[in-house]
Amino acid sequence: MPYRYTLTVAGVDRHSAVHTDPSSLARDVVARASGFGVFAVTEKDLARYIAQGIRIIDLQLRDPIVTVTVDRV
């Protein structure tokens, strides 16, 4: 079942995409989030969170706040 994610930076949706598995989604999110200065999350950890069904993941809690929301589609 595919996953759709939305990357939000400072309350503004910046990117959305659909992936078929948690690993490819995590790879995409980590690559895009690094463009906003987020380096604390790894692909492995993020893929594990997604596989566990966690929907909202805070990637960065300092300004700007960066969040990824994952839904199954």
Listed residues D45, D71; which is among the charged types (D, E, K, R), free of Cβ contacts under 8 Å to residues at least 40 places away in the same chain and not in a loop (DSSP other than H, G, I, E, B)?
-> D45
Can you give me the number of residues within the range 56-68 that are open to solvent by less than 70 Å² (accessible area, probe 1.4 Å) and in contact (Cβ under 8 Å) with a residue 24 or more places away in the chain?
-> 6
Residue, nearest to the chain's Cα centre (by Cα), within the range 1-31, restricted to residues that are polar (S, T, N, Q), open to solvent by 30 Å² or more (accessible area, probe 1.4 Å) and closer than 17 Å to G53 by Cα = T6
Neighbours by Cβ (under 8 Å, 6+ apart or cross-chain): first from the range 1-29, under 11 Å from T67 (Cβ atoms); second acidic (D, E) and surrounded by fewer than 14 Cβ atoms within 10 Å (Cβ to Cβ) = Y5/D71; T6/D13; L7/D13; A10/D63
Quick one: which residue in G37, G53 is under 18 Å from M1 (Cα atoms), in a loop (DSSP other than H, G, I, E, B), without any contact (Cβ under 8 Å) to a residue 60 or more places away in the chain and more than 11 Å from the chain's Cα centre (by Cα)?
-> G53
Residue match in the range 15-34 (condition: outside any strand (DSSP E or B) and in contact with a Pro (Cβ under 8 Å, 6 or more places away or on another chain)) | yes
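The values are calculated or read from the model by the stated rules, or taken from the named source; none is laboratory data. Computed from a predicted model, the values in this text were never measured in an experiment. All Cβ positions, even for glycine, are placed from backbone atoms using ideal geometry, and neighbour counts span all protein chains on display. Just so you know, the surface numbers come from the protein's heavy atoms only, side chains and all, with ligands and any DNA or RNA stripped out. Shrake-Rupley method; radii C 1.70, N 1.55, O 1.52, S 1.80 Å.
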